[in-house]
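To start, the structure itself, in structure tokens.
The values are calculated or read from the model by the stated rules, or taken from the named source; none is laboratory data. Since the model is a prediction, treat every value here as computed from it, not as a measurement. Positions of Cβ are backbone-derived with ideal geometry, glycine not excepted, and every protein chain shown enters the neighbour counts.
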């Protein structure tokens, strides 16, 4: 039988599947005020409608580990196909529904499907590619997601002006990925029961609970929360500076988000450097961005601060993911991918809560930027110090062994 190897087609298709996470939130956010107005007669509609916005992230955080276990047990490709179908069906449903509680229920199903899609697609990227190729596709995944989020936000705003339900139709288009997945994506061969792909790997239980994995998953929660600070709150920071025009704030956010792309590209070309040095540089870059946001009162200063901050975010997330997935037993990439996805979405979910608390403590959103600048600077300096004592921090992020398709 002819040997199959992963190429650009596989990488692009799996990256496109991972876009469902930013699509899931950005298509919904611009029509939220219109949705609240439509359901004004429903008790507590002003609270329930925003709840529908964050429900998918909550369910991804809760169920991604289970989805990861499922991909290891029954296969990545099948989970990915079924999750895509569920995502499309549940995502488009609010276009016809006129019950707020039913819409919230469909959003929960969207979260369940997202857990499957994100876990399976990330595991397949890490199965198919190793070394610098893995770093390349992970950086493309995170860098392109920022651009997709910007495009979807603009698209949802345009469609929402026509009808607040119209953006939900876009969810249905994700079903077009299913025939492409079936035609192109192959299921990686799995090791025989009781064996792992790497004889030098630790035993299965230790590999899942050792300090290295606990450390990378903890870092994922922090990096995930930091990742969402400026995209979600830049408008509030600039509003305190006196800038309130929605179109101006939207443009500023879009320009600042390009920093994620720049950071992801930087990681792609520097991925062989020690993980501790790269992560320290990323966190210190975020500190500089927060400091600029605090110290510069102009609109241009806000854009520059967000851009610099997002460069650090664009480095840290693919870096932490690549390092988390390296040196794993072959049969455990799915469940660790699920754990990583869960930690990332927990970070996303707690981000607004943490920022609100810090802003209350500091006396405003601008003051909060100073506190986050100090926190990230301290973390960066601790990571630099850890390079002296931590052997793991001196390892490159991009390691692993290639896989072959199942026969």
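Take the conditions surrounded by fewer than 16 Cβ atoms within 10 Å (Cβ to Cβ), at negative phi, in the same structural domain as residue 375 (by TED's automatic domain parsing) and within 21 Å of the chain's Cα centre (by Cα) and apply them to residue 290. Does it pass?
No.
Yes/no per residue for (1) surrounded by fewer than 18 Cβ atoms within 10 Å (Cβ to Cβ); (2) touching a residue at least 40 places away in the same chain (Cβ under 8 Å):
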| residue | (1), (2) |
| --- | --- |
| 9 | yes, yes |
| 15 | no, yes |
| 22 | no, yes |
| 32 | yes, no |
| 45 | yes, yes |
| 54 | yes, yes |
| 61 | no, yes |
| 76 | no, yes |
| 111 | no, yes |
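Listed residues 181, 222; which is surrounded by 12 or more Cβ atoms within 10 Å (Cβ to Cβ), modelled with pLDDT of 70 or more, assigned to a helix (DSSP H, G or I) and not assigned by TED's automatic domain parsing to the domain that holds residue 353? Quick ask: steps written out before the conclusion?
Working: 222 fails: not assigned by TED's automatic domain parsing to the domain that holds residue 353.
After applying the criteria, what remains is 181.
Scan region 4-12 and give yes if some residue there is assigned to a helix (DSSP H, G or I) and under 20 Å from residue 345 (Cβ atoms), otherwise no. Walk me through it before giving the result.
Taking region 4-12 and keeping what is assigned to a helix (DSSP H, G or I), we get 8-12.
Subsequent filtering for residues that are under 20 Å from residue 345 (Cβ atoms) retains none.
Within region 4-12, not a single residue is assigned to a helix (DSSP H, G or I) and under 20 Å from residue 345 (Cβ atoms).
Of all residues in region 151-169, count the ones that are modelled with pLDDT under 80 and surrounded by 20 or more Cβ atoms within 10 Å (Cβ to Cβ).
The number of residues fulfilling the criteria is 4.
Taking region 298-336 as the search range and keeping residues that are closer than 24 Å to residue 348 by Cβ, over 20 Å from the mean Cα position of the chain (by Cα) and at pLDDT 80 or above, which one is surrounded by the fewest Cβ atoms within 10 Å (Cβ to Cβ)?
303
Could you grab me the full set of residues in region 147-164 that are over 17 Å from residue 53 (Cα atoms) and over 22 Å from the mean Cα position of the chain (by Cα)?
Hits for region 147-164 are 158, 159, 161, 162, 163.
Looking only at region 353-375, decide whether some residue is part of a helix (DSSP H, G or I), at pLDDT below 85 and crowded, with 17+ Cβ neighbours inside 10 Å.
no
Within region 271-304, take every residue that is part of a helix (DSSP H, G or I) and free of Cβ contacts under 8 Å to residues at least 12 places away in the same chain and give me the one that is farthest from residue 379 (Cα to Cα).
Among them, the one singled out is 300.
In this structure, does residue 346 turn out to be assigned by TED's automatic domain parsing to the domain that holds residue 279 and surrounded by fewer than 21 Cβ atoms within 10 Å (Cβ to Cβ)?
Answer is no for this residue.
Quick check on region 232-250: of everything there that is part of a helix (DSSP H, G or I) and touching a helix residue (DSSP H, G or I) at 6+ places or on another chain (Cβ under 6 Å), which residue is modelled with the lowest pLDDT?
Looking at residues that are part of a helix (DSSP H, G or I) and touching a helix residue (DSSP H, G or I) at 6+ places or on another chain (Cβ under 6 Å), I get 249.
Does residue 54 satisfy the condition of being in contact with a helix residue (DSSP H, G or I) (Cβ under 6 Å, 6 or more places away or on another chain), in a helix (DSSP H, G or I) and under 24 Å from residue 146 (Cα atoms)?
Spelling it out, it is not the case that residue 54 is in contact with a helix residue (DSSP H, G or I) (Cβ under 6 Å, 6 or more places away or on another chain), in a helix (DSSP H, G or I) and under 24 Å from residue 146 (Cα atoms).
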